[in-house]
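Undergrad: The following block contains the structure, expressed as structure tokens.
Each reported figure results from applying straightforward, stated rules to the coordinates on display, with no laboratory input. Predicted model only: the values in this text are computed from it and were never measured. Glycine also receives a Cβ, built like all others from the backbone with ideal geometry; neighbour counts cover every protein chain displayed.
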Amino acid sequence: MKVKIGNSNINYEVKGEGRTAIFFSGFENDMTAMIKSLEPIFESKQNWKRIYVDHIGVGDTEIGNDVDSVEDVLNTMLAFVDEIVGTENFVLGGYSFGGFLSRYIIGKRFDQVDGVLLLTPLIKNDMMNIDVDRNVQTIKYVDSTIQGEIDRRIQEDLVGAMQKTNMDFMMGLYEKNLNTKVELDKFNGVFNKPTLIITGRQDETVGYKDAFSILDKYPRATYITLDKCGHAAQFQQVDIYKQLITEWIYRLEEEQSR
């Protein structure tokens, strides 16, 4: 499905019916990366409408000539959310850059957001000052069968989700993001809704320390740093990941019943 926002045509896919949850992929991944990691969990749940989105620059979303910066991407995706959900409440989730995008939307539509998933999220807007060890190496499993399955899923589900990415456009955004003035988590008070923040102890892309710095703004957050885990927690620690997502969904449903 596509919807025109400004001069861009945003591609998205809807699964299920009920309460709305919108999920954004990573910087260079299309929606299939999120679908493959979340749908096996949500398929057993009732009353959830999952909306998976190709943000600008990835998948089948068509880039408009009015998008030339990170701020343009953020505002276009915010307009997409407004178009799709209107004034109803919704849940957000994002992987890596998708977590950055989710936090931006929380700041703009604070009262409508009922909860958020931040999966190995990009936290800082200053890419030169991310607290990360670029030389760290993920500890591999001794069991070659387990490690082989992890490697296969990363190759098929993450790298495979980059096949339609406009790399020239995305690299241009990356360079501009080094100096972006976008500020996140500047809402008044705190985001007192069910939150899940998953980080990888060996994440060489965004690290794990920056995410800890935002916890005061998210008092309902479960925060975890997983060993033997880099930037792909959904595949490198799949069993714990499933348990954490399931518990987060439970908290979302419990909160709605209060």
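Undergrad: Picking from G230, G189, which residue would you name as being surrounded by 13 or more Cβ atoms within 10 Å (Cβ to Cβ) and either in contact (Cβ under 8 Å) with a residue 40 or more places away in the chain or out of contact with any Asp or Glu (no Cβ under 7 Å at 6 or more places or on another chain) (or both)?
TA: G230
Undergrad: Which numbered condition in (1) on the phi > 0 side of the Ramachandran plot; (2) of a type outside the set (F, W, Y); (3) surrounded by 22 or more Cβ atoms within 10 Å (Cβ to Cβ) is the only one that G86 fails?
TA: Failing condition for G86: (3).
Undergrad: Looking at segment 75-89, can you tell me whether even one residue there is more than 16 Å from the chain's Cα centre (by Cα), under 23 Å from A232 (Cα atoms) and of a type in the set (D, E, K, R)?
TA: Looking for residues that are more than 16 Å from the chain's Cα centre (by Cα), under 23 Å from A232 (Cα atoms) and of a type in the set (D, E, K, R), one finds none in segment 75-89, hence no.
Undergrad: Being in contact with a strand residue (DSSP E or B) (Cβ under 9 Å, 6 or more places away or on another chain), of a type in the set (A, V, I, L, M, F, W, C) and either in a helix (DSSP H, G or I) or surrounded by fewer than 18 Cβ atoms within 10 Å (Cβ to Cβ) (or both) is the filter here; which residues of segment 92-146 pass it?
TA: F97, F100, L101, I105, I106
Undergrad: Of these, I249, I197, which one is in a strand (DSSP E or B), touching a residue at least 60 places away in the same chain (Cβ under 8 Å), touching a strand residue (DSSP E or B) at 6+ places or on another chain (Cβ under 9 Å) and surrounded by 15 or more Cβ atoms within 10 Å (Cβ to Cβ)?
TA: On the way: I249 fails: in a strand (DSSP E or B).
After applying the criteria, what remains is I197.
Undergrad: Just a yes or no: is a residue in segment 173-186 in contact with a Gly (Cβ under 8 Å, 6 or more places away or on another chain), in contact (Cβ under 8 Å) with a residue 60 or more places away in the chain, crowded, with 17+ Cβ neighbours inside 10 Å and not basic (K, R)?
TA: Taking every residue of segment 173-186 in turn, at least one turns out to be in contact with a Gly (Cβ under 8 Å, 6 or more places away or on another chain), in contact (Cβ under 8 Å) with a residue 60 or more places away in the chain, crowded, with 17+ Cβ neighbours inside 10 Å and not basic (K, R).
Undergrad: Filter segment 212-233 down to the residues that are in contact with a Ser or Thr (Cβ under 8 Å, 6 or more places away or on another chain) and assigned to a loop (DSSP other than H, G, I, E, B) and list them by number.
TA: The answer is Y218, R220, K228, C229, G230, H231, A232.
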